[in-house]
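Chemist: Can you keep this structure in mind? I'll have questions shortly.
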Amino acid sequence: MRIFLDSANIDEVKKAYEMGAITGVTTNPSIISRENKKFDDVLGEILDVMGEETLVFAEVLALDAEGMIKEGLALAAKSPNIVVKIPALPEGLKAVKALSEKGIKVCVTVCFAATQAILAANAGASFVAPFVGRLDDIGENGLNLCADIREIFDAQGIDTKIVAASVRHPVHVTELARMGIDIATMPFKVINQMIANPNTDRAVAGFLKDWEKVPK
Ligand code: E4P
């Protein structure tokens, strides 16, 4: 399972990329707003850090298909690595169809139902992003939605990639990997939680302490 960073913070992007942890970055308007910089500047910085084989997801703001298509074309023109994020709305599907017919990679985002994922795939989306944590927040099970979409896509031979979003903790990550989800996007905190382990720290400290006993 590929890991993407769900952040527009350039220090986090650099750290996660240099760790070899990520092959993509996802943003949304809320994530961009936290950086207090112009959208184009933030996106440019992320594209500069990320390597050739990576993907950078950027979301449209328009709510009508015409506006989404216009924004999507402008975003895609910035780099072949850009994936245009379009909300799972009726107007969004129209934009997904138009942009994907032009060969632009599109991710249908804010997906909260398997039916939305099926329509996204039919419209030509390269990616669909179910929001795991936000479903958990309202007492539903975000992992179950991912499992449903995986099962349906496999049964139907659909090759739209599933990007599990709104990932909140390491257990989400292991469960998503177990069910064969293609990509999980998560905050830098979760990547750090995935590698941190007090047993590893204790073992390394013990090795260094014992090494002091080796005659020099
Ligand atoms: C990423 O593509 C999504 O926009 C993001 O994961 C949403 O996460 P949140 O529910 O933690 O805001």
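The values are calculated or read from the model by the stated rules, or taken from the named source; none is laboratory data. All of these numbers come straight from a predicted model, not from anything done at the bench. In this analysis, Cβ positions are derived from the backbone assuming ideal geometry, glycine residues included, and neighbour counts consider all displayed protein chains.
Chemist: Just to be sure I understand, how many residues within region 77-125 are within 16 Å of the ligand (Cβ to nearest atom), of a type in the set (Gly, Ala, Ser), over 14 Å from LEU63 (Cα atoms) and assigned to a helix (DSSP H, G or I)?
Modeler: 2
Chemist: May I pose another question? Looking at region 184-216, which of its residues are among the basic types (Lys, Arg) and within 16 Å of the ligand (Cβ to nearest atom)? Steps first, please.
Modeler: Just the residues of region 184-216 that are among the basic types (Lys, Arg), to begin with: 189, 202, 209, 213, 216.
The answer is LYS189, and nothing else.
Chemist: If I filter region 126-167 down to residues being among the aromatic types (Phe, Trp, Tyr) and within 10 Å of the ligand (Cβ to nearest atom), which single residue comes out as surrounded by the fewest Cβ atoms within 10 Å (Cβ to Cβ)?
Modeler: Kept after step one, since they are among the aromatic types (Phe, Trp, Tyr), are these residues of region 126-167: 127, 131, 153.
Okay, now just the ones that are also within 10 Å of the ligand (Cβ to nearest atom), so 127, 131.
Values: PHE127: 26, PHE131: 20.
Residue satisfying both the conditions and the ranking: PHE131.
For every residue, the table says whether it meets (1) touching a His at 6+ places or on another chain (Cβ under 6 Å); (2) free of Cβ contacts under 8 Å to residues at least 24 places away in the same chain; (3) not charged (D, E, K, R).
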{"position": "ASP11", "(1), (2), (3)": "no, yes, no"}
{"position": "ALA21", "(1), (2), (3)": "no, no, yes"}
{"position": "LYS37", "(1), (2), (3)": "no, yes, no"}
{"position": "LEU61", "(1), (2), (3)": "no, no, yes"}
{"position": "ALA77", "(1), (2), (3)": "no, yes, yes"}
{"position": "GLU101", "(1), (2), (3)": "no, yes, no"}
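Chemist: For region 64-82, indicate whether the set of residues that are closer than 23 Å to PHE188 by Cα and modelled with pLDDT of 95 or more is non-empty.
Modeler: If we filter region 64-82 for residues that are closer than 23 Å to PHE188 by Cα, which is where we start, we get 81-82.
Checking which are modelled with pLDDT of 95 or more leaves us with 81-82.
So far as region 64-82 goes, yes, one or more of its residues are closer than 23 Å to PHE188 by Cα and modelled with pLDDT of 95 or more.
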